[in-house]
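Participant: Here it is, the structure, as C-alpha cells.
The values are calculated or read from the model by the stated rules, or taken from the named source; none is laboratory data. Note that the structure is a prediction, hence the values are computed from the model and not measured. Cβ: placed from backbone, ideal geometry, glycine included. Neighbour counts: every protein chain shown. Quick note on the areas: whole protein, heavy atoms, side chains included, nothing else; ligands and nucleic acids left out. Shrake-Rupley method; radii C 1.70, N 1.55, O 1.52, S 1.80 Å.
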Amino acid sequence: MLPQHIAHVFPDTTDTNPAGHLTIGRCDAVELVEEYGTPLYVLDEATLRSKCRQFAGAFASRYANAQAVYASKAYINPALARIFAEEGLGLDVVSGGELAVAMAGEVPLERVYFHGNNKTPAELEEAVAAGIGRVVVDSFHELDLLERICAETGKTQDILVRVSPGIDPHTHAYTTTGIIDSKFGFSIQTGDAEKAVTQAIAAPHLNLQGLHFHLGSPIFELEPYQAATDLVLRFAAGMREQGLYLQEFSPGGGFAIAYTRNDQPPSPDDYAEAIVSTLAATCEELGMEQPSLVIEPGRSIIGPAGVALYRIGAIKEIPGVRTYVSVDGGMGDNIRPALYQASYEVLSANRPAAEPDATVTIAGKYCESGDVLASDILLPTPAAGDVIAIPAAGAYCPSMASNYNLNPRPPIVLVNDGQSRLIRRRESYADMMLCDL
Ligand SMILES: *Cc1c(COP(=O)(O)O)cnc(C)c1O
C-alpha cells in the first residue's frame, strides 16, 4: 500500500511488494533500475491507456462528434504513437520531427494536426506533401506561405485558424498562451482574427474548417474554457456573413493533473461537461449547427503515467541551513522546476513505507545551482544508493530533455502487468557525438 495522501499522484497500478519496494505495473522499481540503470523513466501502460479512454470517453459520451488528439510535445516516440493510434486518438504535432514520429508510428494522417507559431517553409511543405489532416494556421505570414506552397503543388489543405480569445487561465506566465500579449494566434480583440478568417476564406488552396484556441497549461479552473468557448463561438457567428461556416471547433488542451498531494484537478468528466454544455448552449442561442469538437490533451494523458527513478549519491548537510541530497539526473531530464518553479512529490522507491523523518532538498548532478528537483521535502533518512521516485513525470520531462553537461538522456521503459519493455534506450556517449564532425 502506498501512503494514502500521495497515492493519487502516482500511476493507477502503483503499489508496494513483500520486499518492501515500490512497484509500478507490478514491476519492482528497484529491479527495474538494476536492469535499466538510473535515471530511468517508467511509463505505466495501464494508466496511459486509461487516460486516453477517460478523455475520449468523457467527450464522446456527451457529444456526437468529438475527437481526442494527443499533444505530442508532452512526449512522443514511435512506440507511443502506435499506442495512441490504437486507442483511436489523433496527434497534435508542432514540428517536422513530431510529424516524422507520427508517420513512423503509423498514425492515420487525417487525424494529425500541425500547430506552431512559426512553422518553417520546409515543415509546411513536408506536412502538405504527407497529406496531414489539418494545419492550424497561426500568423498572416503562414497564411501566405501555406497558400503559396499549396498553389505550387496543386493541393488544397484543410486548415483551422488559431484565435487568441484574450482569456487568462491563471497558470504560469511561461505556459499562458491565450491572452492578448502572446506570440500565439490571431487576437480577436485587435481585429486580427477577423482579418485572418477573411483571408483564409479567400485563399483558393486553403479550406477553412473552423477555429482553434489553446489557453495555456495546466488549467485547474473550468471557467476559462467556458468563457473562451462562448467568446470564440460568438466571434464565429459574427463571421457568418463573411462566409465562415464553423465545421470544427477546438478548445485545445491544458487539462491539469495532480503533481503534489494538495492538487485536486478537475476530472476528464468535469472538463467535458463544462466545455460541451457551453458549446451546446451557445450554439443553440446563436442558431449555429454544432461543429465537430477536437480536444488536445497532452499532459493529462501521459503525465500521470510517468515516474522518474533516480539513485542518491552525495549528501551534503549544511547545519541550520539545508541538506542537499544529490541524484544522478536533474535538469537535463526534468527542467520544469528550474524553468517554471514546478513542484514534485518524492518517495523512497526502496523503502516507500519507511517513516519520512528527514527534510531534504533533492539536487540534480548538473552544473547549475538552480538544478533542484524538489525543495525541502520529507524522506526517510537517505543514504547513498537509495532509489527515489518522482511521480507525475511523464509529461514535459523526457520531451524537454537536453544533453547539457553531456549527460546521456535517460531510457524510457513501458511497464504492464509485471512485464517491462524498453521503448527508448539510454543514450550512449557515441550517440551524443553522432552529429559532431
Ligand atoms: C501544448 C498544447 C496542447 C497540450 O497541452 P497540455 O497541457 O499538454 O494538455 C494542446 N494544444 C496546443 C495547441 C498546445 O500548444
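Participant: I'd like to check one number: the per residue accessible area of region 46-302, probe 1.4 Å, reported in Å² as a whole number.
Facilitator: 38
Participant: Additional query: Along region 429-434, what does the Karplus equation 6.51 cos²θ - 1.76 cosθ + 1.60 (θ = phi - 60°) give for ³J(HN,Hα), rounded to whole Hz, x for Gly and Pro?
Facilitator: For region 429-434, the Karplus-derived couplings read 4, 4, 4, 6, 9, 4 Hz, x marking Gly and Pro.
Participant: Name the residue, out of Leu40, Leu339, Leu231, whose mean-square fluctuation peaks in a Gaussian network model built on the chain with Cα pairs under 10 Å.
Facilitator: Comparing Leu40, Leu339, Leu231 in a Gaussian network model of the chain, the most mobile one is Leu339.
Participant: Determine the shape class of region 314-399: with a ≥ b ≥ c the square roots of the Cα gyration tensor eigenvalues, call it rounded for a/c under 1.5, and otherwise prolate if a/b is greater than b/c, oblate otherwise.
Facilitator: Judged from the Cα gyration tensor, region 314-399 comes out oblate (a/c at least 1.5, b/c at or above a/b).
Participant: Hey, another quick one. Return the whole-Å distance between the Cα centroid of region 322-380 and the Cα centroid of region 206-222.
Facilitator: 34
Participant: What FRET efficiency comes out for the pair Asn262/Asp357, r = Cβ-Cβ distance, R0 = 35 Å, nearest 0.05?
Facilitator: Here the calculated transfer efficiency is 0.95.
Participant: Gaussian network model of the chain, Cα springs within a sub-10 Å range: biggest mean-square fluctuation belongs to which of Gly287, Gly320, Gly253?
Facilitator: Gly320
Participant: Also, quick follow-up: Can you list, bin by bin at 10 Å, the percent of alpha carbon pairs in the chain, starting at 0?
Facilitator: In whole percents, the pair-distance histogram is 4, 21, 29, 24, 14, 6, 1, 0.
Participant: OK, next. What percentages, rounded to whole numbers, describe P(r) for region 46-302 computed over all alpha carbon pairs with 10 Å bin width beginning at zero?
Facilitator: In order of increasing distance, the bins hold 7, 33, 39, 19, 2, 0 percent.
Participant: Near the amide H of Thr16, under 5 Å away, which other amide H atoms are found, from residues 5 or more places off or on another chain, if H is placed in the peptide plane?
Facilitator: Leu2, Thr23
Participant: Given R₀ = 25 Å, what would the calculated FRET efficiency be for Ala173 paired with Ser402, taking r from the Cβ atoms and rounding to 0.05?
Facilitator: About 0.70, to the nearest 0.05.
Participant: A further question follows. Which links in Lys119/Lys155; Lys51/Lys73; Lys155/Lys183; Lys51/Lys183; Lys119/Lys365 stretch past 27 Å when you go from one Cα to the other?
Facilitator: Lys155/Lys183; Lys51/Lys183; Lys119/Lys365
Participant: Using amide H atoms built 1.01 Å from N in the peptide plane, name the residues 5+ places from Leu422, or on other chains, whose amide H lies under 5 Å from its own.
Facilitator: Leu414
Participant: Using helices alone, I'd like the mean residue ellipticity at 222 nm for the chain: each DSSP H run of four-plus residues gives -39500 (n - 2.57), total over residue count, nearest 500.
Facilitator: So the calculated ellipticity at 222 nm is -8500 deg cm²/dmol.
Participant: Based on the Cβ-Cβ distance from Arg234 to His141, what FRET efficiency comes out when R0 is 22 Å, to the nearest 0.05?
Facilitator: 0.20
Participant: Express the carbon and sulfur contribution to the solvent-accessible surface of the chain as a percent, rounded to the nearest whole number, probe 1.4 angstrom.
Facilitator: 50
Participant: Could you state the principal axis extents of the C-alpha atoms in region 41-142, from the largest down, to the nearest angstrom?
Facilitator: 40, 34, 20
Participant: Taking H placed 1.01 Å from N in the peptide plane, check which residues at least 5 places from Leu373 or on another chain put their amide H under 5 Å from its amide H.
Facilitator: When sequence neighbours closer than 5 places are left aside, the close amide H contacts are Ile362, Ala363, Gly364.
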